[in-house]
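For reference, the structure discussed in these notes is given below.
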Amino acid sequence: MFVTKKRSFTDSVANLGLPGLAEPTLIYDISNRFSLHDLRSRLAGSYRIEDDPPTHVIRSYLDTFDWRMYRSGLVFEVSAAKQGYQIVWRQLQTGDILLSQVVRQIPRFSWDAQAPGIRERMQAVMQMRALEDKVPVHSDVQTLRLLDDEGKTVLRLELRSDRVVLAQSAKQIALPPRLYVIPYRGYEKIRERVLHRLGAKAGLSPVDEDPLVSALKAVGLKPGAYRNRPRYHVQPGQAAEQAVRGMLEELHALMQTNLDGACRDADSEFLHDFRAAVVRSALLIDKAEGLFPESTLRFFRDEFTWLDKITRPTRQVDIYLLLFESYEKRLPASLRRYLDPFREYLKDHKRLEHSKLKVGLLSPRYRALEQRWQSFLSAPQPKSDAAPSRIDALARELTWDCCQHLLAQGGAIDRFSPPGHLLSMYETIEQLGFLLEFFSELYDARKIAAVSQPLNRLGRVLDAFRDLEMQQITLRKFRDEMRSEERLTRASMEAMDHLVADLAEQERVVREEFGGRYRKFNTKKTRKRLRAMFGPTSKAQEQDSK
Amino acid sequence: MKILATYNIKGGVGKTTTATNLAYLAAWEGYRTLLWDLDPQGAASFYFRIKPKLETGVRGLMRKKSALDEAVKATDFEGLDLIPADFSFRNFDIAASDTKQPAKQLLRLLRPISSEYDLLIIDSAPSISLTSENIFYAADMLLIPLIPTTLSVRTYYQLLDYFRKRPAQHLKLLPFFSMYDRRRALHREIMRTLPNEFREILNTSIPNAKKVERMGLERAPVVHFAPQSKPARAYRKLWAEVEKKF
Ligand SMILES: Nc1ncnc2c1ncn2[C@@H]1O[C@H](COP(=O)(O)OP(=O)(O)OP(=O)(O)O)[C@@H](O)[C@H]1O
Ligand SMILES: [Mg+2]
């Protein structure tokens with residue numbers, strides 16, 4: 001229950017290790033006829049009452065893109081206050097308050113919170129994710145304060161008329177007026193007396209849901225509704241053009257879902273998902289040779305390459321911002337503070353790169369691409385005299401090519417091969433992963449698991465290697481840029497070199513393991529399975545796919 | 001929970017003024033802050049319009065585990081709570097000396113609520129007693145207002161002398177000049193020379209200012225009702241300097 005029940009606060013948040021601060025606010029539905037004037041006259045005889053001037057407050061509920069607060073049973077409410085922003089962080093179910101205070105800036109990330117205690121608690125819930133506005137509520141607030149004979153406030157009563165305002169549609173939805181009873185710790189008895197006095201006559205009925213829930217219901221928003229994985233609907237026997245178009249449509253929807261977030265830079269996850277869709281689309285376009293007119297494909301190929309290029313630098317800086325903590329951990333405590341200039345550099349470059357990205361994504365060029373892409377995706381099936389190629393055959397052919405390429409690359413790598421060879425092999429196995437993802441519905445789940453397992457195992461080694469190699473290259477690049485921008489002290493340079501050396505050492509270990517791992521992958525059994533699944537059609541398979 | 005106490009053997013040096021203003025600023029910065037008015041005179045409680053009264057008195061506080069929790073009062077300011085003074089606290093020494101570990105009683109009392117706050121600020125009465133011994137044991141930092149006069153400085157020597165005999169390794173001493181008057185040659189002289197002798201003296205000093213005296217009329221910290229005044233700015237600077245020592 002949101003209201004009536006008084007429960008031990010520590011019980012309800014034991015899982016988060018969060019201590020409780022204050023008694024929850026109580027909320028009541030009141031009839032429209034009940035006014036502030038009525039309230040005042042009910043209480044006037046027994047209490048000293050002070051009116052605050054009526055205010056208009058914009059309140060917003062913040063959460064991560066994937067609703068981590070909500071899913072952890074928490075509500076993060078922010079409203080503009082006199083000298084900054086009032087934050088109320090509370091339990092969704094009980095209304096118990098974890099944190100209630102005024103801050104100068106709305107924290108978007110856990111590390112924006114000033115006090116270390118809050119910082120850690122936010123971190124526990126949202127990790128490195130950012131908070132964004134979910135439901136803005138415009139509120140007209142009338143306040144009465146009850147004072148004791150010292151002039152100290154002992155209870156606050158707020159009459160709130162709320163409207164949920166949706167930015168996209170400029171739609172406003174009014175919520176019924178409500179009475180908020182805000183207690184002060186140590187003055188609970190007064191609250192009880194006042195409620196008793198009001199309750200009987202005013203016919204107040206307790207509201208047992210959080211205001212966030214009321215607002216969400218009013219606009220029909222479902223928390224937790226967030227899609228970040230494409231769902232391809234490919235059917236065996238489907239015409240290849242149609243199937244590929246369907247997959248591209250799905251990826252396009254994902255791009256659109258994340259475009260706005262990527263432009264606003266609300267959370268690095270938006271850009272990540274946007275790029276994931278771009279990269280996959282580019283691969284499909286590449287592999288769709290022969291299915292669509294060559295000139296059309298060339299245009300889209302160029303434009304998706306361009307998209308990849310303009311979004312890559314921001315993503316790269318994002319990655320390093322996300323890695324930052326792990327970098328600090330790699331260094332001895334005494335060196336950690338010398339990484340601060342690096343963090344500053346990343347933050348500055350993030351701003352710079354992101355502003356460039358935004359220019360690109362809001363450009364006429366992007367709009368033109370978007371338009372052509374949409375009409376391409378929704379175009380009717382071209383009539384063709386030739387028998388349509390089926391997606392099954394195409395899937396097998398593409399996947400088999402990729403497998404053979406992988407085996408050829410793997411076979412050519414020995415202890416002395418340069419890192420570049422492993423990097424190319426990583427690209428192949430990444431591509432293979434995409435292909436399996438695209439076409440997974442075409443295959444028997446059990447059979448596909450039997451080949452994915454060894455592939456994943458090999459993929460992890462290559463991924464680790466590539467990751468470590470790229471980190472070193474990029475860190476060196478950043479270091480040199482920082483030096484040429486004259487923002488690198490000797491100590492900071494040493495700290496960064498220390499990191500690079502540490503990564504190199506780890507890479508060496510992974511590199512040494514590679515040979516053994518590859519031998520484990522490249523067995524007769526695995527090769528046979530790959531051939532059976534994707535190799536040139538045998539009689540049996542033709543039967544299978546009919 | 002960090003514990004910060006204002007302390008000086010001498011009275012009227014600005015302990016309460018400092019405790020109340022820093023508590024306000026800490027809460028404003030986002031620290032969940034508790035101010036404990038340990039001076040039976042109840043000046044800090046007065047500044048926050050809270051009656052200097054504990055339902056249980058000091059004896060009840062020592063006996064009942066949840067008594068301190070129940071004594072906490074919200075101030076009118078977000079994030080700042082207060083434990084009011086009580087006249088029976090004159091008897092804290094007697095009550096504490098009846099226990100097994102007389103100097104650890106304060107810390108013991110605090111344990112049940114210590115996870116609820118990031119910062120506890122204690123405003124203490126001017127004396128050396130079992131109460132102050134308890135404060136020294138519990139606190140991480142001691143903020144010591146010094147009026148730059150010879151007499152006031154002498155009390156600092158006394159305090160150092162005390163700690164020489166009873167070392168408190170964990171306790172950081174943070175003396176700073178309070179209520180100074182630039183027009184007085186003696187103040188200027190002491191403020192120039194003393195920091196050479198005591199490196200620990202903070203860089204920030206609080207000037208003597210009429211606005212501070214208005215706290216009794218406004219019944220609020222000066223940083224709240226006159227945020228742009230000279231003493232308010234000085235207190236903000238002092239808070240920033242103290243926060244760095246955490
Ligand atoms: N910076 C200042 N400028 C002017 N007056 C001040 C200043 N600081 C404190 N005062 C005034 O000096 C008096 C003593 O200050 P305060 O109560 O803070 O000292 P204290 O050390 O707590 O005293 P006590 O030992 O009695 O508890 C008060 O009247 C206060 O208003
Ligand atoms: Mg005092």
Quiz item: What is the percent of Cα-Cα separations in the range B:1-141 that go past 23 Å?
Solution: 24
Self-check item: Reduced Cα scattering model of chain B, Debye log10 I(q)/I(0), q = 0.10, 0.15 Å⁻¹
Solution: -0.45, -1.04
Quiz item: If you place +1 on the Cβ of every Lys and Arg and -1 on the Cβ of every Asp and Glu, how big does the dipole about the Cα centre of the range A:444-543 come out, in debye to the nearest 20?
Solution: 1180
Exercise. Determine which residues of the range A:319-340 fall in the zone a paramagnetic label at A:ALA501 would reach in this model, i.e. backbone nitrogen under 12 Å from the point 7 Å along Cα→Cβ.
Key: A:332
Quiz item: Each residue of the range A:270-286 in order: what ³J(HN,Hα) in whole Hz does its phi give by Karplus 6.51 cos²θ - 1.76 cosθ + 1.60, θ = phi - 60°, with x for Gly and Pro?
Solution: 4, 5, 4, 5, 4, 5, 4, 5, 4, 5, 5, 4, 4, 5, 5, 4, 4
Quiz item: Peptide B:70-79: average number of partner chain Cβ atoms within 10 Å per residue?
Solution: 6
Quiz item: Relative to the present Cα-Cα distance, how much length would full extension add between A:LEU423 and A:ASP208 at 0.36 nm per residue of separation?
Solution: 71.7 nm
Exercise. Using amide H atoms built 1.01 Å from N in the peptide plane, name the residues 5+ places from A:LEU155, or on other chains, whose amide H lies under 5 Å from its own.
Key: A:LEU146
Quiz item: For A:ASP140 and A:ILE190 in one chain, what is 0.36 nm times their gap in residues minus the Cα-Cα distance, to one decimal in nm?
Solution: 15.4 nm
Practice problem: Calculate the mean, over all residues of peptide B:25-37, of how many other protein chain Cβ atoms lie within 10 angstrom of the residue's Cβ. | Solution: 4
Exercise. Give the ranking of A:GLU241, A:GLU249 by solvent-accessible surface, highest area first, calculated with a 1.4 Å probe.
Key: A:GLU249, A:GLU241
Exercise. Using only Cα atoms, tell me the angle between helix B:15-28 and the longest principal axis of chain B; keep it within 0 to 90° and round to the nearest 10.
Key: 80
Quiz item: Ordered by packing density, taken as the mean number of other Cβ atoms within 10 Å over each peptide's residues, highest first, how do A:183-193, A:50-60 rank?
Solution: A:183-193, A:50-60
Quiz item: Per-residue HN-Hα couplings for the range A:290-300, Karplus 6.51 cos²θ - 1.76 cosθ + 1.60 at θ = phi - 60°, whole Hz, x for Gly and Pro?
Solution: x, 7, 10, x, 4, 5, 4, 4, 4, 4, 5
Quiz item: If amide H atoms are built 1.01 Å from N in the plane of the peptide, which residues on other chains or at least 5 residues away come under 5 Å of the amide H of B:LEU54?
Solution: B:PHE87
Exercise. Please go through the residue pairs A:LYS217/B:LYS73; A:LYS189/B:LYS211; B:LYS10/B:LYS230; A:LYS350/A:LYS477; B:LYS210/B:LYS245; B:LYS2/B:LYS104 and name each one whose alpha carbons sit more than 27 Å apart in this structure.
Key: A:LYS217/B:LYS73; A:LYS189/B:LYS211; B:LYS210/B:LYS245
Quiz item: Which value, in debye to the nearest 20, gives the size of the charge dipole of chain A about its Cα centre, when Lys and Arg are +1 and Asp and Glu are -1 at the Cβ?
Solution: 820
Quiz prompt | Selection from A:THR55, B:ASN21, A:PHE300 lying farthest towards where the dipole of the protein assembly as shown points positive, charges on Cβ | solution = B:ASN21
Quiz item: Lys/Arg Cβ at +1, Asp/Glu Cβ at -1, dipole of the range B:52-191 taken about the Cα centre: which of B:THR149, B:PRO84, B:THR56 is farthest positive-ward?
Solution: B:THR149
Quiz item: Could you give the distance between the Cα centres of the range B:147-190 and the range B:97-119, to the whole Å?
Solution: 28
Exercise. Of the DSSP beta bridges with both residues in chain B, give the percent that are antiparallel, rounding to the nearest 5.
Key: 5
Self-check item: Calculated FRET value between A:SER375 and A:SER440, using beta carbons and R₀ = 22 Å, to 0.05
Solution: 0.15
Quiz item: So how much slack lies between A:GLN256 and A:ARG487, counting 0.36 nm per residue of separation and subtracting their Cα-Cα distance, in nm?
Solution: 79.3 nm
Quiz item: Using unit Cβ charges (K, R positive; D, E negative) and no other charged atoms, how large, in debye to the nearest 20, is the dipole of the range A:404-492 about its Cα centre?
Solution: 360
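Counting only other chains, what is the mean number of Cβ atoms within 10 angstrom of the Cβ of each residue in peptide A:105-114? List each step's numbers first, then the result.
On the way: counts 0, 0, 1, 0, 0, 0, 0, 0, 1, 5.
Taking the mean over all residues of the peptide, I get 1.
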Self-check item: Where the Cα pairs of the range A:413-546 fall when distances are cut into 5 Å bins, in %
Solution: 2, 9, 15, 16, 14, 11, 10, 8, 6, 4, 3, 2, 1, 0
Self-check item: Sequence ranges B:35-44, A:84-93, ranked by mean other-Cβ count within 10 angstrom, highest first
Solution: B:35-44, A:84-93
Self-check item: Around B:GLY42: net Lys/Arg minus Asp/Glu count, Cβ-Cβ under 12 Å
Solution: -1
Quiz item: For B:SER127 and B:ASP98, FRET efficiency with R0 = 25 Å and r from the beta-carbon atoms, rounded to 0.05?
Solution: 0.80
Quiz item: Each residue of the range A:475-485 in order: what ³J(HN,Hα) in whole Hz does its phi give by Karplus 6.51 cos²θ - 1.76 cosθ + 1.60, θ = phi - 60°, with x for Gly and Pro?
Solution: 4, 5, 4, 4, 4, 5, 5, 4, 5, 6, 8
Quiz item: Do any GluC sites (Glu not before Pro) in the range A:451-544 lie in a loop, going by DSSP, with at most 10 other beta-carbon atoms within 10 Å of their beta carbon, and if so which?
Solution: A:GLU486
Quiz item: By the scheme Lys and Arg +1, Asp and Glu -1, what is the net charge of all other residues having a beta-carbon under 14 Å from that of B:LEU186?
Solution: +4
Quiz prompt | For B:ILE122, residues with placed amide H under 5 Å, excluding near neighbours | solution = B:LEU4, B:ALA5, B:THR6, B:TRP36
Practice problem: Pop the C-beta distance of B:THR150 and B:ALA240 into the FRET formula with R0 = 41 Å and round what comes out to the nearest 0.05. | Solution: 0.85
Practice problem: Measure out, as a whole number of angstrom, how far apart the alpha-carbon centroids of the range A:393-428 and the range A:499-517 sit. | Solution: 20
Exercise. May I ask you to order B:52-59, A:261-268, A:520-527 by the average number of other C-beta atoms within 10 Å around their residues, highest value first?
Key: A:261-268, B:52-59, A:520-527
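The values are calculated or read from the model by the stated rules, or taken from the named source; none is laboratory data. Note that this is a predicted model, so its numbers are computed, not measured. So basically every Cβ, Gly included, is an ideal-geometry build from the backbone, and we count neighbours across all protein chains shown. Just the protein is used for accessible areas: all its heavy atoms, side chains included, with ligands, DNA and RNA removed. Shrake-Rupley method; radii C 1.70, N 1.55, O 1.52, S 1.80 Å.
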